[in-house]
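J.: One structure follows; several queries about it will come next.
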Amino acid sequence: MGLAKRIIPCLDVDSGRVVKGVKFVDIRDAGDPVEIAKRYDEQGADEITFLDITASSDDRETMVHVVEQVAGQVFIPLTVGGGIRKVEDIRRMLNAGADKVAINTAAVFNPEFVKEAAEKFGSQCIVVAIDAKKTSAKGEIDCWQIFTHGGRKATGLDAIEWAKKMVAFGAGEILLTSMDRDGTREGFDIELTRALSEAVSVPVIASGGVGHLDHLSEGIISGKADAVLAASIFHFGEYTMTQAKQHMQQAGIEVRL
Amino acid sequence: MNTIAIIDYGMGNLHSVAKALELVGDNAKIIITNQAREIKKASRVLFPGVGAIRDCIEGLNRLALSEALKEAAQEKPVLAVCVGMQAVMNSSEENNGVDCLGILPGQVKLFPVDMYTPDNESRLKIPHMGWNQVQHVKDHFLWKGIAQNSRFYFVHSYYVESEDESIVAGSTEYGVKFSSALTKDNLFAVQFHPEKSQHAGLALLKNFVNWSVE
């Protein structure tokens, strides 16, 4: 017995409302991030991640209020990603009650930002989010590259090397999303997850592609991830967090039940 | 009046712990303070921990809070959390070695880099991050209502090695077996974050609010 593998539901928030649709039978307002976070907490989520996809910076303040409200009612770790570009953005989210921030694009354009952030706030609260896509052809040695802008823009950066660099710069955790799998419900990119998880010393959260509970276990067992992140399979009420954890436990994975 | 002072030594993010205490506090007054006199006046003290140990100790010294904290640990219930627990030990290996407050005997050490899972399949990740079990090594009021081996949320790269077995209240395994809770007299110190450990964590905080030391 020891450290449990984590399940992390992810909520996309746009101007203070959860988008992509979340359905719980007994929640009247399914778009309220506070209500949804409370529900996931009751079901046994190990952490909750909010991804702020608000386009206009005017509405960013809304996310701060969401975090404040959730942090006052939900006593598990909270991560906020999206729009984290400056030290001030991090400070604001941490003061609002977030425990970690996920830095994505800003890290690609300014790697020193990760260093600065880790030195200021400690590695434990700096998650670097990596969006990777396979760029090697069939038969070639596997290779994945970092993409930005929702997977549209290639950066030429090798995902594994980039992850190692981010850890050296102070990232305390890596949130790895396969852009090939995201939204497909075909399961994680296991090769990518394992290659990256074995290459870095910090915990890795696998993301992108979960469509079935078996996928969660695969991410942990075959992908060697330390945590798994999923959105839609929980949002639409297909499975509860408890079912997911029981399923993982049956696969021999240590979970918090 | 039951007043709980949360020590603010400038590292931020005391929102969660204050909210958690408000929730379980039975109308206790929760104050966040960087004033020694507030710490002196309070009926209990929570010493939270975020960031690096050097910043923590320097913050305490800059604000002249070290003595107030040491005094508090003699007089009233004090709960030290995470880096707060590490800060009450003798010294830490972090930041190339830092002298700590020396309220409890022991050292703070970096987890070894070459720890493996029991099946030897994978290397253990550092930081130790997530929900791990705490074994109650001794009975204590703060464990009241919390099942043996309950899971709490940890996030740390350094761990406490106590020099005195008799002060260990809880232990946890992650590659090595380390002290996840220590207690001596009025002081209870935990490596995990009770304010982030859902039911078990809130239960511990509630016990702290109601703990009266003889």
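The values are calculated or read from the model by the stated rules, or taken from the named source; none is laboratory data. Source: prediction; values computed, not measured. Virtual Cβ from ideal backbone geometry, glycine too; neighbours counted across all protein chains shown.
J.: Would you call A:Ile253 within 14 Å of chain B (Cβ to nearest Cβ) and in contact (Cβ under 8 Å) with a residue 60 or more places away in the chain?
T.: yes
J.: Just need a number here: residues in the range A:166-189 that are assigned to a loop (DSSP other than H, G, I, E, B), within 14 Å of chain B (Cβ to nearest Cβ) and either of a type outside the set (A, V, I, L, M) or surrounded by fewer than 24 Cβ atoms within 10 Å (Cβ to Cβ) (or both).
T.: 2
J.: Please specify each residue of the range A:69-93 satisfying the condition of being of a type in the set (A, V, I, L, M) and within 17 Å of the chain's Cα centre (by Cα).
T.: Residues satisfying the conditions are A:Ile76, A:Leu78, A:Val80, A:Ile84, A:Ile90, A:Met93.
J.: Does B:Val108 count as within 14 Å of chain A (Cβ to nearest Cβ) and either within 20 Å of B:Glu58 (Cβ to Cβ) or modelled with pLDDT under 95 (or both)?
T.: Considered against the rule, which asks whether it is within 14 Å of chain A (Cβ to nearest Cβ) and either within 20 Å of B:Glu58 (Cβ to Cβ) or modelled with pLDDT under 95 (or both), B:Val108 comes out as no.
J.: Let me ask you something else. Taking the range B:30-80 as the search range and keeping residues that are β-branched (Val, Ile, Thr) and under 16 Å from the mean Cα position of the chain (by Cα), which one is surrounded by the fewest Cβ atoms within 10 Å (Cβ to Cβ)?
T.: So, considering only residues that are β-branched (Val, Ile, Thr) and under 16 Å from the mean Cα position of the chain (by Cα), the one surrounded by the fewest Cβ atoms within 10 Å (Cβ to Cβ) is B:Ile57.
J.: Moving to a separate point now. Mind listing whichever residues of the range B:148-168 are out of contact with any Ser or Thr (no Cβ under 6 Å at 6 or more places or on another chain) and either without any contact (Cβ under 8 Å) to a residue 24 or more places away in the chain or facing another protein chain (nearest Cβ under 9 Å) (or both)?
T.: B:Gln148, B:Asn149, B:Arg151, B:Phe154, B:Val155, B:His156, B:Ser157, B:Glu165, B:Ser166 - these are the residues of the range B:148-168 that are out of contact with any Ser or Thr (no Cβ under 6 Å at 6 or more places or on another chain) and either without any contact (Cβ under 8 Å) to a residue 24 or more places away in the chain or facing another protein chain (nearest Cβ under 9 Å) (or both).
J.: Does any residue of the range B:192-203 turn out to be of a type in the set (A, V, I, L, M), within 25 Å of A:Ser123 (Cβ to Cβ), crowded, with 17+ Cβ neighbours inside 10 Å and touching a residue at least 12 places away in the same chain (Cβ under 8 Å)?
T.: Scanning the range B:192-203, I find no residue that is of a type in the set (A, V, I, L, M), within 25 Å of A:Ser123 (Cβ to Cβ), crowded, with 17+ Cβ neighbours inside 10 Å and touching a residue at least 12 places away in the same chain (Cβ under 8 Å), so the answer is no.
J.: Mind listing whichever residues of the range A:202-233 are assigned to a helix (DSSP H, G or I) and over 14 Å from the mean Cα position of the chain (by Cα)?
T.: Residues satisfying the conditions are A:Leu213, A:Asp214, A:His215, A:Ser217, A:Glu218, A:Ile220, A:Ile221, A:Ile233.
J.: For A:Arg92, work out the one condition from (1) surrounded by 19 or more Cβ atoms within 10 Å (Cβ to Cβ); (2) in a loop (DSSP other than H, G, I, E, B); (3) touching a helix residue (DSSP H, G or I) at 6+ places or on another chain (Cβ under 7 Å) it doesn't fulfil.
T.: (2)
J.: If I ask for residues that are at pLDDT below 95 and outside any helix (DSSP H, G or I), which ones from the range A:234-257 would you list?
T.: Scanning the range A:234-257 gives A:Phe236, A:Gly237, A:Glu238, A:Tyr239, A:Thr240, A:Leu257.
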